[in-house]
Amino acid sequence: MMSGVEEAFRKFATYGDTSASGSDMTGKNFSKLCKECGVADGKAVTGTDVDIVFNKVKTKGARTITFAQFQQAMKELCGTRFKGKAPEEALQAVYGLIEGKEPGNVGATRATTAGAVERLTDTSKYTGSHKERFDESGKGKGLAGRQEPADGSGYVGAYKGAGTYDKTH
């Protein structure tokens with residue numbers, strides 16, 4: 001029976017890496033787990049602390065940690081995160097943060113609505129020939145709004161006397 005903590009460990013271990021087995025975790029995913037579960041709160045435990053502990057518990061030369069090493073890392077961090085608690089209590093508290101969690105796509109790319117982009121995408125503010133490419137609702141007209149359809153008459157566009165040339169010459 002896998003514990004909630006081990007389950008969370010596996011979910012974070014495989015995050016962003018489809019080939020990962022889930023039995024060991026990279027430093028990047030370890031720090032993601034710590035940040036998202038609130039183990040690293042940015043005050044008592046910072047991202048730097050997390051990296052230091054990761055490097056401390058992993059096997060020399062290895063790039064990942066096992067679940068056993070992860071537990072060791074949590075023992076290291078829990079004392080800092082829950083100062084004044086007994087080591088066992090602090091560890092349980094840390095595990096309480098992690099249990100049942102899974103990696104969220106925190107900071108996943110969203111369409112930006114910054115002022116500059118808004119101005120650029122607001123078709124009602126367009127002027128000149130650009131304006132003609134959109135209908136009143138701001139929807140693009142596609143090709144119709146972009147090209148002057150060719151009339152095939154042989155006259156240049158702005159010629160006023162089209163069709164007046166008499167055929168006698």
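Things worth noting here:
- Relative counts (whole %) of C-alpha pair distances in region 34-74, using bins that are 5 Å wide: 6, 25, 29, 25, 11, 4
- Residue pairs, from the table K60/K85; K11/K43; K35/K75, whose Cα atoms sit over 23 Å apart: K60/K85; K11/K43
- Mean Cβ neighbour count within 10 Å, used as a protection proxy, ranking 25-34, 8-17, 76-85, 54-63 highest first: 25-34, 8-17, 76-85, 54-63
- Counting only residues at least eight positions apart within a chain, or on another chain, the lysines with an alpha carbon under 29 Å from that of K125 are K139, K141.
Values quoted throughout were computed directly from the atomic coordinates according to the rules given, and no laboratory measurement underlies them. What you see is a predicted model; the values in this text were computed from it and never measured. Cβ atoms come from the backbone with ideal geometry, glycine included; neighbour counts cover every protein chain shown.
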